[in-house]
Amino acid sequence: MDSTRKEWLLNALLAGALFAVPLWAWMASEPFIITLATRIAILAIAGVGLNIALGLGGMVSFGHALYLGIGGYVAGIAAYHAFSGTTVLGLSGTNQMLPIWAMAMALSGLIAGIVGALSLRTSGIFFIMITLAFAQMGFFFTLSWPAYGGEDGLPIFVRNQFPGLNTARPWELFIIAYGVLLAVLGLFAMLRAARFGAALMAIRQNPDRAAAIGISPFGVKLVAFILSGMITGLAGAMMADLTRFVSPAMMAWTMSGELIVIIILGGVGRLFGPVAGAAILVGFEVFFGGLTEHWKLWLGLVLLAVVLFARGGLIGLIAGRAQNG
């Protein structure tokens, strides 16, 4: 079996396992495991967003937590005003997920457009530092925003609603997250296979040659960066609903680092890389975190091993073994 077929088989197994484990937990009345699976799915959605910029476009953004936090605060502020019956900027709050998602994606896309328009004029370490600087600006802004909790964060007292489902039930909330994950994975696959994806990857490999054949590196990368921010903002809104809490920590540089770790562990540019990476991260946090407070040390060793010996991440490693075997 060649590596491509092996990777698609592995993708199918990951998708099946991510559904089967919480299904078993639902039948066994284990809501904690369902919540873990939901968190994996939402982190994977954020990872897919970053994977568009990093995996397809080679844009190493160290500030994608900004869009995660924007999505989270949109959900939290909308729910807060819906609960209190007050308005923000003359608009009423809402506890409906679909309009909240739309607002989160729109605002995240707008901010990503501004950040991208400035940062994409540079490259390398300068691009990384500009994206980090914007994320830190968002972090300190929310930290000093007393109207919505400041450093204490903003609780969401009642979980936002989705048409036809009871989001207070862990299984039904998981179904929402799983469905959105499959949708964004499908979008990523279509982008990668389309002319836009081919142009983006050509720019990543050689921007001067791409420009010589009529491709606009700045315009294509800016569109990809905006799409990336929008999907990550969607994940932020969903994460706020899962935890029923939003805080400046969602915009911290460590959160941006976790998203990059997810991509590297699973495989940069791999379709299901974010799913595998999110599962590894949450697995280490839950199982090794229960044994020692230094669980990140062991995660770091695994990350180092992946970088040194498995540049394609977990999925690339398994697919490569199948090819060699």
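The values are calculated or read from the model by the stated rules, or taken from the named source; none is laboratory data. Since this is a predicted model, take the numbers as computed values, not measurements. Positions of Cβ are generated from backbone atoms using ideal geometry, with glycine treated the same way; all protein chains shown enter the neighbour counts. Just the protein is used for accessible areas: all its heavy atoms, side chains included, with ligands, DNA and RNA removed. Shrake-Rupley method; radii C 1.70, N 1.55, O 1.52, S 1.80 Å.
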Out of the stretch 69-90, which residues are more than 18 Å from the chain's Cα centre (by Cα) and either in a loop (DSSP other than H, G, I, E, B) or within 10 Å of G233 (Cα to Cα) (or both)?
G85, T86, L89, G90
Quick check, is I114 open to solvent by 10 Å² or more (accessible area, probe 1.4 Å), free of Cβ contacts under 8 Å to residues at least 40 places away in the same chain and assigned to a helix (DSSP H, G or I)?
yes
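For V261, state whether it is within 19 Å of L191 (Cα to Cα), open to solvent by 20 Å² or more (accessible area, probe 1.4 Å), assigned to a helix (DSSP H, G or I) and touching a Leu at 6+ places or on another chain (Cβ under 9 Å).
no
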Please go through the stretch 165-194 and pick out each residue that is touching a Ser or Thr at 6+ places or on another chain (Cβ under 7 Å) and either at positive phi or open to solvent by 30 Å² or more (accessible area, probe 1.4 Å) (or both).
P170
Which residue pairs have Cβ atoms under 7 Å apart, sit 6 or more places apart or on different chains, and have a first residue in the stretch 27-53 that is basic (K, R) and a second that is open to solvent by 10 Å² or more (accessible area, probe 1.4 Å)?
R39/L242
Would you confirm, using the coordinates I've provided, whether F245 is modelled with pLDDT of 90 or more and under 17 Å from the mean Cα position of the chain (by Cα)?
no
Members of the stretch 206-237 found to be farther than 16 Å from L185 by Cα, part of a helix (DSSP H, G or I) and either in contact (Cβ under 8 Å) with a residue 12 or more places away in the chain or touching a Ser or Thr at 6+ places or on another chain (Cβ under 8 Å) (or both), listed by number:
P217, F218, V220, K221, L222, V223, F225, I226, G236, A237
Run F19 past the list (1) assigned to a helix (DSSP H, G or I); (2) closer than 30 Å to I203 by Cα; (3) at pLDDT 90 or above and report the number of the one that doesn't hold.
(2)
Please verify whether the stretch 208-219 includes one or more residues that are within 16 Å of A46 (Cβ to Cβ) and open to solvent by less than 60 Å² (accessible area, probe 1.4 Å).
no
Restricted to the stretch 76-107 and to residues being open to solvent by 70 Å² or more (accessible area, probe 1.4 Å) and aromatic (F, W, Y), the residue nearest to V246 (Cα to Cα) is Y80
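In the stretch 270-316, how many residues are outside any loop (DSSP other than H, G, I, E, B), open to solvent by less than 60 Å² (accessible area, probe 1.4 Å) and within 22 Å of L185 (Cα to Cα)?
14
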Given the criteria open to solvent by less than 30 Å² (accessible area, probe 1.4 Å), hydroxyl-bearing (S, T, Y), modelled with pLDDT under 95 and in contact with a helix residue (DSSP H, G or I) (Cβ under 7 Å, 6 or more places away or on another chain), does S61 qualify?
yes
